[in-house]
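Q: The following block contains the structure, expressed as structure tokens.
Only the coordinates and a few stated rules stand behind these numbers; no lab work does. From a predicted model like this one, the values you see are computed outputs, not experimental measurements. Don't worry about glycine lacking a Cβ; one is built from the backbone with ideal geometry, like all the others, and counts go over all protein chains shown.
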């Protein structure tokens with residue numbers, strides 16, 4: 001088989017099963033998607049080789065680790081040159097409290113998802129962020145989550161359009 005792969009419904013089912021629970025045997029995954037163990041394993045290996053499966057991780061319960069504060073921080077920067085934006089991304093990515101950084105369209109340039117144990121810890125993080133980032137910040141606004149209604153890492157695999165993917169070279 002080549003490193004070109006038409007992502008078919010079986011591949012999508014494999015991805016859906018894996019993203020919900022990677023702690024299953026290949027035989028169990030295969031039985032859920034209608035394959036025997038060897039063909040299932042070969043498909044998983046190809047999906048990894050193509051970079052569709054990036055890594056397998058454990059999802060942790062933040063509240064049981066006393067990380068009960070989630071803040072969404074919107075940031076508008078004062079310099080939109082590519083070097084400044086790259087510096088911001090690099091510098092903001094160094095904070096372990098920052099779980100996600102998204103460049104936005106609209107009123108704000110970035111939104112960060114930050115997880116910490118307390119609001120005081122957030123204040124410390126905020127002060128360190130504005131002192132550390134070398135790009136001028138026009139506006140930083142914090143929004144604190146009161147309740148998590150839905151949080152998932154599972155992508156809507158079955159709803160994704162069919163397409164042909166090629167392995168990165």
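Q: Here are some values of mean projected area of the Cα convex hull in nm²: (i) 11.8; (ii) 12.7; (iii) 10.5. Which one was computed from this structure?
A: (ii)
Q: Where is the GNM fluctuation largest for the chain (alpha-carbon springs, 10 angstrom cutoff): 98, 133, 149?
A: Top of the fluctuation ranking is 149.
Q: Please state, to two decimals, what the Cα-based radius of gyration of the stretch 1-82 comes to when divided by 2.2 N^0.38 Å (N = residues).
A: So the stretch 1-82 has a normalised radius of gyration of 1.59.
Q: Mind jotting down the distance between the C-alpha centroids of the stretch 45-77 and the stretch 90-151, whole Å?
A: Distance between centres, Cα-based: 15 Å.
Q: For residue 124 and residue 89 in the same chain, what is the full-extension length gain: residue separation times 0.36 nm, less their Cα-Cα distance, in nm?
A: 10.6 nm
Q: Next question. If you fit an axis through the alpha-carbon atoms of helix 82-93 and take the longest principal axis of the Cα set of the chain, what angle between them do you get, 0 to 90°, nearest 10?
A: Its long axis makes an angle of about 80 degrees.
Q: Given 0.36 nm per residue, what is the gain on full extension from residue 32 to residue 154 after removing their alpha carbon distance, in nm?
A: 42.2 nm
Q: By per-residue mean of other Cβ atoms within 10 Å, what is the highest-first order of 21-33, 45-57?
A: 21-33, 45-57
Q: When the C-alpha atoms of the stretch 62-144 are aligned to their principal axes, what extent does each axis show, in angstrom, from largest down?
A: Result, largest extent first: 41, 24, 17 Å.
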